[in-house]
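The structure under discussion appears below in the form of structure tokens.
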Amino acid sequence: MTLLKLPNLAALLIFPSLTVLAFHFILGHGDASGFFDKLSAQCPYASSDDAPYRLPYTGIQSIDKTLCGIVVFFHASFGPDVAPFLIYFLASAAPIMGHAYFESSRPNRPLLMAYPVVFFQIMQLMSFGATFSVYWMLFILSGASRLPPSGLKTTVTKAHAQAILFGIFLGLIILTGCMIIMQDPYVTAIWQVFPIVSSVATVSHLLVRPPSRYPDSGFGVVRGFYIASFVLISSMHITLIMSKDIDELKAFMLPSIEVLQSSTSIELQSLNLLQWDATFGFFSAVLGTLWFGRNAKETFTLLAWNILATPLVGPGAAFSASALWRESWLHEDIKTGKQE
């Protein structure tokens, strides 16, 4: 009985600690360095000609002021010093988003996993790093990570899998592309609710192609998504490794341990915040895959894979491979030709 509780105890110790550290380095350092003050300075309470991003996004002053600061942050990230990392970050996060939505559509999934839009929308305000440390703790404690009882269905239907990919395509890929290419403050403000857009698109797709009419296994769709994610992200990561020297790679990937000086440009402060956000978000996701293991041998193999693959192909690609392996045994009955 004690052994059965050890994974939960470990999750209770590790992931809340990561959340606290994420808040310290992402929000604490941002405040201590004066970065948030710089954002706020460009967003007076009332609209002004000297504040181009202080716009009537919703018509509600308090919300518009908050959106203004977020828009200033992202537009500071569109420059050549930050945009490559922003694109790498968002692309690498796609399989994690896919995993959360696949989990929500799995039969007999825990209630805590049913509404991933909640986690992703909170992420937009509280950071990816802090929010998804909590997600992985709940994923483990809810029992979603464990091998289900024999005979319990775990397959994602084809209808759900296709709807989820449609939601990700519309909400994450299309909206993100529009935000980066157009660099329009209103589009950037709309991007802040991309999780809601993705969820609405997913539900709309299910209304057109409901699971009742398309109940077949979606393993082929899920597998294609993870393979495509692995190829894309690993290609981006390997290209980075091949095109930069060690110092350049450190500057690209690693945030500053020390609080940045207030004289640091707003662009480099934006980059540092994104780097911390990615560090904690991807670390918690890669760490969370250890609970995919059904026994000690599989857990050790996943640990070895993550240690080797993360620096070689990137954390997003490493996660994609681990998630695909998990899906392969959750859909074992389909692969072996057995009935659901």
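Scanning segment 92-109 for residues that are open to solvent by 20 Å² or more (accessible area, probe 1.4 Å), over 18 Å from Val197 (Cβ atoms) and touching a helix residue (DSSP H, G or I) at 6+ places or on another chain (Cβ under 9 Å) yields a total of 1.
Checking each residue in segment 111-135 for being over 22 Å from His160 (Cα atoms) and aromatic (Phe, Trp, Tyr) picks out Phe128, Phe132.
Looking for something loosely packed, with under 14 Cβ neighbours inside 10 Å and either of a type in the set (Gly, Ala, Ser) or touching a Cys at 6+ places or on another chain (Cβ under 6 Å) (or both) - is there at least one such residue anywhere in segment 154-172? Scanning segment 154-172 turns up no residue that is loosely packed, with under 14 Cβ neighbours inside 10 Å and either of a type in the set (Gly, Ala, Ser) or touching a Cys at 6+ places or on another chain (Cβ under 6 Å) (or both). Can you pull out the residues in segment 189-229 that are open to solvent by 40 Å² or more (accessible area, probe 1.4 Å) and aliphatic (A, V, I, L, M)? Correct list: Ile190, Val193, Ile196, Val197, Val200, Val203, Leu207, Val208, Ile227, Ala228.
Filtering segment 1-52 to residues that are open to solvent by less than 60 Å² (accessible area, probe 1.4 Å) and in contact with a Lys or Arg (Cβ under 7 Å, 6 or more places away or on another chain) leaves Cys43, Pro44, Ser48. Could you run through segment 110-133 and say how many residues are open to solvent by 20 Å² or more (accessible area, probe 1.4 Å) and under 28 Å from Ser40 (Cα atoms)? Within segment 110-133, residues that are open to solvent by 20 Å² or more (accessible area, probe 1.4 Å) and under 28 Å from Ser40 (Cα atoms) number 9. Where helices (runs of 4 or more DSSP H) fall wholly inside segment 211-299, the ranges with 1 or more residues that are aromatic (Phe, Trp, Tyr) and either in contact with a Ser or Thr (Cβ under 9 Å, 6 or more places away or on another chain) or without any contact (Cβ under 8 Å) to a residue 40 or more places away in the chain (or both) are 219-243, 266-288. The residues in segment 203-228 that are among the hydrophobic types (A, V, I, L, M, F, W, C) and more than 24 Å from Ile96 (Cα to Cα) can be counted, and the count is 2. Inspect all residues belonging to segment 201-216 and state whether any of them is under 18 Å from the mean Cα position of the chain (by Cα) and closer than 26 Å to Gly314 by Cα. Within segment 201-216, not a single residue is under 18 Å from the mean Cα position of the chain (by Cα) and closer than 26 Å to Gly314 by Cα. Of the residues examined, Leu207 is not one that is assigned to a loop (DSSP other than H, G, I, E, B) and either among the hydroxyl-bearing types (Ser, Thr, Tyr) or out of contact with any Asp or Glu (no Cβ under 6 Å at 6 or more places or on another chain) (or both). Of all the residues in segment 254-285, those that are open to solvent by 50 Å² or more (accessible area, probe 1.4 Å) and either within 17 Å of Met123 (Cα to Cα) or not charged (D, E, K, R) (or both) number 9.
The values are calculated or read from the model by the stated rules, or taken from the named source; none is laboratory data. Given the structure is predicted, the values throughout are model-derived calculations rather than measurements. Note that we place each Cβ from the backbone using ideal geometry, even for glycine, and neighbour counts take in every protein chain shown. With ligands, DNA and RNA removed, areas are computed over all heavy atoms of the protein, side chains included. Shrake-Rupley method; radii C 1.70, N 1.55, O 1.52, S 1.80 Å.
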